[in-house]
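Worksheet: one structure, shown below.
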Amino acid sequence: MSEKRISDLWLKEDWWAIWLALGIIIVSTVFFFSGSTINPIAVKPPTLDSYKSLIDHLSADWYWYFAQLLMWIIIFAVSINVMGHKIKEFIPGFIILFLLSAVVQFFSSWRVAKDYNLEAPLVALLIGLIAGNVLKLPKWFNTSLRTEYYIKTGIILLGATLPFTLIIKAGPIAFSQATIVSVTTFMTIFLVGTRYYKLDKKFCSVLGAGGSVCGVSASIAVGGAVNAKKEEMSISISLVTIWAIIMIFFLPIISKILGLDAGVAGAWIGNSEFADAAGFAAAQAIGDEKAIRAFTLMKVIGRDIWIGIWSFILAIIAVVVWDKKEVSNSKVSAMEIWWRFPKFVLGFFVASIAITLISTGYIHSDELSKNLSANLIDPIKTLRTWTFIFTFLCIGLTTRFKELTKFGWQPLAAFTAGVIVNVILGYVLSNHVFVHYWTETIK
């Protein structure tokens, strides 16, 4: 057993995501301290005004896109091969995925798209959903659609762009509100699903996490923590995707009709949206930076941190209660909890702490701080964006709306009950209970 567990270090996506993401951060840090930067290979298009501006950009930087493609292929293909997948299927599939991601980047950088807040991850999701539900994709293409791998890598890279001090100083009000919403929504979905519709507890825990924390990543993390079935995680992701898209349009419109303060609207969106990318799009639609700040504080810092908390709690419950007979007839090993804990969450905190420690020597000088941001943090952000685009393309390409009928209407009903509670409770807390905090403090 110990040999098997040790082999997890190179056979599990959680660990590979850590090695890959921390490797990128280490390389970026080495370049930074040597007076250089990985900015060139972390290429992204500028704001594009016309077709000519796109041609000019590609003429100047096409080889950096090619270099980045090679970088991703090398680091992903090595790990894919070690984990037992076929490289000859992964490489052509990933090339297609990267080219689609580049198209998404170009489209989202178009000034008109920016005016309508068509962010790259959202565009990737829509393109993926259309293609995945209209086209019949070849089986070999599935090898490159590593949704969990890409999003875990992106989450760890996100940690490098989120100061640990900000996590600590996020404020008791923000975390308290996120806690109230997360726990209440989770329990609503879980109890409605298990007691009213008699659904499997593991399945309902995945649905509950997807609806109460951070949709896709929480579904994946909790699904892994409780050893849920792959199709159960897929149905949760599908429901998250559907409701996230609805909320992108619903929340900003209702916020404007109600005349909500931008900070209140941002907090409400942070409480009610299920995906970070969709939430950012909704917050940006408010048209005020205050909404984006409130959303970030509530969603990314307040709610997303519950990914690890729920994963830990549910891993214990799964081992001690739900799977007790499978693990041991009389005693459950405490190490079993560790084996099931999603390791990429640890990678997130390691990345955040590491960059925060590096940043401490630059906070007293605006010039040094700007240099740190431009040459160390920004390229990591860019590569993080690429991984999120990979992720949302994969989600769209692997989501089949017809599969929702496979489990019947009960999962949809249980999840929707959580959505209703989530939206109403988020509104009451943001616009009544903590309204002063969001209108006055978040400026």
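Candidates are the residues of the range 191-221 that are part of a helix (DSSP H, G or I) and without any contact (Cβ under 8 Å) to a residue 40 or more places away in the chain; the one that is nearest to Ile307 (Cα to Cα) is Ser219. Being of a type in the set (A, V, I, L, M, F, W, C) and out of contact with any helix residue (DSSP H, G or I) (no Cβ under 8 Å at 6 or more places or on another chain) is a description that does not apply to Trp386.
When Asp378 is tested against the conditions (1) at pLDDT 90 or above; (2) over 30 Å from Phe76 (Cα atoms), the lone failure is (2). When the range 134-166 is limited to residues that are of a type outside the set (D, E, K, R) and touching a Phe, Trp or Tyr at 6+ places or on another chain (Cβ under 6 Å), the one that is farthest from Ala244 (Cα to Cα) turns out to be Thr143. Of the residues examined, Phe66 is one that is hydrophobic (A, V, I, L, M, F, W, C) and free of Cβ contacts under 8 Å to residues at least 12 places away in the same chain. Being touching a helix residue (DSSP H, G or I) at 6+ places or on another chain (Cβ under 7 Å) and either closer than 26 Å to Val435 by Cβ or buried (at least 22 other Cβ atoms within 10 Å of the Cβ) (or both) holds for only one residue in Val216, Val183, and it is Val216. Residues that are modelled with pLDDT under 80 and closer than 22 Å to Gly224 by Cα were ranked within the range 152-180; the one that is surrounded by the fewest Cβ atoms within 10 Å (Cβ to Cβ) is Leu158.
Here Ser144, Ser219, Ser182 are screened, and the one residue that is of a type in the set (Ser, Thr, Tyr) and farther than 30 Å from Ile25 by Cα is Ser182.
Looking at Ala291, Ala262, Ala267, Ala209, just one residue is on the phi < 0 side of the Ramachandran plot, surrounded by fewer than 24 Cβ atoms within 10 Å (Cβ to Cβ) and at pLDDT 80 or above, and that residue is Ala262.
Residues of the range 241-297 that are of a type in the set (D, E, K, R) and closer than 17 Å to Ala120 by Cα: Asp276 alone. The lone criterion from (1) among the aliphatic types (A, V, I, L, M); (2) part of a helix (DSSP H, G or I); (3) more than 22 Å from Thr296 (Cβ to Cβ) left unmet by Ala228 is number (2). Of the residues that sit in the range 29-72 and are hydroxyl-bearing (Ser, Thr, Tyr) and in a helix (DSSP H, G or I), which one is surrounded by the most Cβ atoms within 10 Å (Cβ to Cβ)? Checked the range 29-72; the qualifying residue surrounded by the most Cβ atoms within 10 Å (Cβ to Cβ) is Tyr65. Please verify whether Phe94 is closer than 18 Å to Ile41 by Cα and either among the basic types (Lys, Arg) or touching a Ser or Thr at 6+ places or on another chain (Cβ under 7 Å) (or both), treating the condition exactly as stated. In short, yes.
Residue by residue, here is whether (1) under 27 Å from Gln284 (Cα atoms); (2) free of Cβ contacts under 8 Å to residues at least 40 places away in the same chain; (3) aromatic (Phe, Trp, Tyr) holds:
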| position | (1), (2), (3) |
| --- | --- |
| Ala102 | yes, yes, no |
| Val112 | yes, yes, no |
| Ile127 | yes, no, no |
| Val134 | no, yes, no |
| Ile155 | yes, no, no |
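Just for the range 220-242: of the residues that are within 19 Å of Trp409 (Cβ to Cβ) and of a type in the set (Gly, Ala, Ser), which one is surrounded by the fewest Cβ atoms within 10 Å (Cβ to Cβ)? The residue in question is Ser234. Scanning the range 114-133 for residues that are surrounded by fewer than 19 Cβ atoms within 10 Å (Cβ to Cβ) and among the hydrophobic types (A, V, I, L, M, F, W, C) turns up Leu118, Leu126, Ile130, Ala131. Taken over the range 83-113, residues that are more than 30 Å from Trp16 (Cα to Cα) and surrounded by fewer than 17 Cβ atoms within 10 Å (Cβ to Cβ) amount to 2.
The values are calculated or read from the model by the stated rules, or taken from the named source; none is laboratory data. Not measured: the values here are computed from a predicted model. Glycine also receives a Cβ, built like all others from the backbone with ideal geometry; neighbour counts cover every protein chain displayed.
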